[in-house]
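*Asks:* Sharing a structure below in C-alpha cells format, with a few things to ask.
The values are calculated or read from the model by the stated rules, or taken from the named source; none is laboratory data. Model, not experiment: these values are computed from the prediction. Note that we place each Cβ from the backbone using ideal geometry, even for glycine, and neighbour counts take in every protein chain shown.
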Amino acid sequence: MVTPTPKPKSSSNGNTQAQATALGVVLRMIGPSNNPIEKTLLIASAYGISHVIVSTFETKHVPIYCMLFAGFLSNILGFRMSLFRVAGTLGLNELKTTSFQKWSRVQLNNAEWSPIIMILQLAIHVLSGGSPTKNGATACLFANMGTMFYCMGNLVFFGDVVDDNPGFGHRLPPFRFAGASSRYLAIFLMVYECTTLVA
C-alpha cells in the first residue's frame, strides 16, 4: 500500500499574519484611536509647553542646550542598561523581567532617534549663527519633550505598553503615541527650519 505524500502546509497563515502586522502598524498610527482626544491633547501640550518656554526665555542657546540634553539622556539610558550587566544577573530570567523590558524599550528607541534629533538641533544652531528663530527653537525643544513623553509612557505607564502589539491591531497607548508623534512632527519642523535657513 502506497502512503500518500503529505502536501506541504500552506503559508497563507504566515502571509495573513504578516499582512495583519503591517496593517496593524498603519492603523495604530493613522487609524481610529481608542483615546483620540487624550493623545491629541498630550501632543498639543508638548508643543505648547515648548512654545511657552521659548517665548519666556532667550532663544539663542535653546538648540544647543537641547542637543546637550539629548546627549546626556542617551548616556544616562546607556548607563542604566549597563547596570543590568554589572549586577551580574543579566540572564534569560532577567531579560523577561518588567524592569529590563521597559528600560530596554526606552534605551533602544532613544538610541534610534537621538542621533537624528541631535544633528538637526546642531544644524539649526550652526545655520542660524547662534540666533535661531522662535519657531526653530520651539521645534528643538518640542523634539526633547516628545522624547520625555515617550520615556514616561514606557517607564511610568508600562502596564499600557504590554497591550500595544500592532500584530493584533492595538494602538500605542497615550504617552507613547504622543511622544513618538511629537518627535515625528518636531523632526519635520526642524528639517523645514534648516531648509529655510539655507535657502
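This table checks each residue for (1) within 19 Å of the chain's Cα centre (by Cα); (2) surrounded by fewer than 12 Cβ atoms within 10 Å (Cβ to Cβ); (3) over 17 Å from G146 (Cα atoms).
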position	(1), (2), (3)
L42	yes, no, no
S50	yes, no, no
S55	no, yes, yes
T59	no, no, yes
V62	no, no, no
F69	yes, no, no
L77	yes, no, no
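*Asks:* Same structure, new question: Go through the residues of region 25-45 one by one and say whether even a single one is in contact with a helix residue (DSSP H, G or I) (Cβ under 6 Å, 6 or more places away or on another chain), assigned to a helix (DSSP H, G or I) and modelled with pLDDT of 85 or more.
*Replies:* yes
*Asks:* Shifting gears a bit: Residues that are modelled with pLDDT under 90 and within 12 Å of the chain's Cα centre (by Cα): which helices (runs of 4 or more DSSP H) entirely in region 126-199 hold 2 or more of them?
*Replies:* Because the criterion is at least 2 residues that are modelled with pLDDT under 90 and within 12 Å of the chain's Cα centre (by Cα), the helices (runs of 4 or more DSSP H) in region 126-199 that meet it are 134-155, 174-198.
*Asks:* M118 fails exactly one of the following numbered conditions: (1) modelled with pLDDT under 95; (2) over 20 Å from I37 (Cα atoms); (3) surrounded by 15 or more Cβ atoms within 10 Å (Cβ to Cβ). What is the number of that condition?
*Replies:* Going through (1) modelled with pLDDT under 95; (2) over 20 Å from I37 (Cα atoms); (3) surrounded by 15 or more Cβ atoms within 10 Å (Cβ to Cβ) one by one, M118 breaks only (1).
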